[in-house]
Every structure is written in C-alpha cells, then in structure tokens.
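A short write-up of the structure that comes next.
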Amino acid sequence: MEAIKIANGGHITFIHINDPHAGEMSMMMDALDKKITESDVLSWISKVDKSIVENCSILIKSDNSIPKAIYKASEGKDLVVLGHKKQSFFKENFFDSIDEGIVNKVLCPVLVIPK
C-alpha cells in the first residue's frame, strides 16, 4: 500500500509472474500456486485504492525464472517495488531469494518491502 501512495500522480504497472504450471494439478509435495489473473490483481488494487485502477496497467506473465521475467518487464520503468517473502531456513542458507535475483538483474532502482 505504501508504494501506491509513493506513486502519487505517476503511472503504476502491476506485474505478476505466474509459474508456467500454476493452477495445474500436481503430484509433488508442494502444492502449486493458484494462477493469478488480471481480475485478481484488479480486485486487490480496488481494495487498496479504487482511484488507482484508472491510472494503472497490469501485466501478467508466465515464466520459469521470475527474476528474468521481471527484468524484461521492467525495461523502461523508473522503479521496481517488490514484496519480500521470508524463506525457510534451508532455502535462506543455500539459495538466493527471488528478490535478490531481481535486484541483481534489473537496471532501475529496486525497493524491497518486507511482508
């Protein structure tokens, strides 16, 4: 919500990257995430501030690499704002976080907000 207030008077592009298999049945231990749609994002935006809906665009992509997809989507943008999701102990100690991968790739400034 804070990022929306910061962008007062600017144009906001909401970007969501779905896993290519999001919304599909899986026999894996981890349940796959729901496939997020443009209407899901519009619903979230409307709950925060309905006036934003008129001056925003929504980009929904599907990619195996979230950092790579955000990098491509961020071309020509002034700022990328990310939500940071805490990782498990194992992932935290052995892998980069997704937001770390984005920060390392994207050419514009990145603001990471903890959830």
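When I60, I102 are ordered from fewest to most other Cβ atoms inside 10 Å of their Cβ, what list results?
Least to most surrounded, the residues fall as I60, I102.
Report the gain in length on full extension from S39 to S65: 0.36 nm times residue separation, minus Cα-Cα distance, nm rounded to one decimal.
Extra length from S39 to S65 when fully extended: 7.1 nm.
Just add up the charged neighbours of N18: K/R +1, D/E -1, any other residue whose Cβ is under 13 Å from the Cβ of N18.
Neighbourhood net charge equals -3.
What does the charge count around K35 come to, taking other residues whose C-beta lies under 14 Å from its C-beta (Lys +1, Arg +1, Asp -1, Glu -1)?
Summing Lys and Arg as +1 and Asp and Glu as -1 gives -4.
Quick note: the coordinates plus some simple rules give every number you see, no bench work behind them. The shown structure was predicted, so the numbers you read here are calculated from the model rather than taken from an experiment. In this analysis, Cβ positions are derived from the backbone assuming ideal geometry, glycine residues included, and neighbour counts consider all displayed protein chains.
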